[in-house]
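Throughout, read-outs are computed from the coordinates displayed, never taken from laboratory work. These numbers come from a predicted model, not from an experiment. In this analysis, Cβ positions are derived from the backbone assuming ideal geometry, glycine residues included, and neighbour counts consider all displayed protein chains.
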Amino acid sequence: MEVKTLCLGVLTLGDATGYEIKKAFEDSPVGEFMEASYGSIYPALTKLTEEGLVTCEEQAQAGKPDKKVYSITEKGKQTFISAMSSSPSEDKYRSEFAFMMLFADLMSPDQVSNLIDLQILRYRQKQAEERVTLGPPEARGAQFLKGYGQAVFEAAIQYLETNRHLVEERDDFAKKDKHSRAAEAAAV
């Protein structure tokens, strides 16, 4: 999804500065499945303004540069609604943990166990967080996403707890370690 569409979506919930739009990607559920950098948000807001999809009002601040507050126009709302009627692209999953687990055979069982424990802890923390919601908390979409997120975290925790033995219990590591110690002893 284009950053312009993401910005329009945030602005349908209320007027915002570029900074506030960026914070929506960091401090709300949106950040769990979409990301946008300042380097992409501000050019997108400039284009949206040029296209008449948002307006920009500069507000004076004492001792600071004026801040720009963006508002979505009716044309912008219609453009956003139209964008929401298209099929979403396939989900992408990015995870350093998953990448590291791909190479679990190269790590010690203790390293693997520690990584899994850390990931479980992080998922439990995410479950417990009271994240800022985007839009009214009673909105059906916000409630749906909160439940969806809880289900995803719970399923991930359950999988890690149930299947950790697949990468922790490895006879080959003990054999390799025994052989490397024997080779080192023979070399001395």
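General remarks:
- Panel order for L160, L121, by other beta carbons found within 10 Å of each beta carbon, from fewest to most: L121, L160.
- Amide H contacts of A139 (H built 1.01 Å from N, in plane; Pro and chain starts excluded): no residue 5 or more places away or on another chain comes under 5 Å.
- Counting other Cβ atoms within 10 Å as a rough exposure proxy, the listed residues C7, C56 run C56, C7 from fewest neighbours to most.
- Its Cα gyration tensor gives the stretch 3-84 an equivalent ellipsoid, and the semi-axes of that ellipsoid, as √(5λ) in whole Å with the largest first, are 20, 17, 10.
- Taking amide H positions as modeled 1.01 Å from N, with prolines and chain starts lacking one, the residues under 5 Å from T73 and 5 or more places away or on another chain are V54, T55.
- With 21 Å as the limit, the listed pairs K22/K67; K75/K146; K23/K146; K68/K92 have K75/K146; K68/K92 beyond it between alpha carbons.
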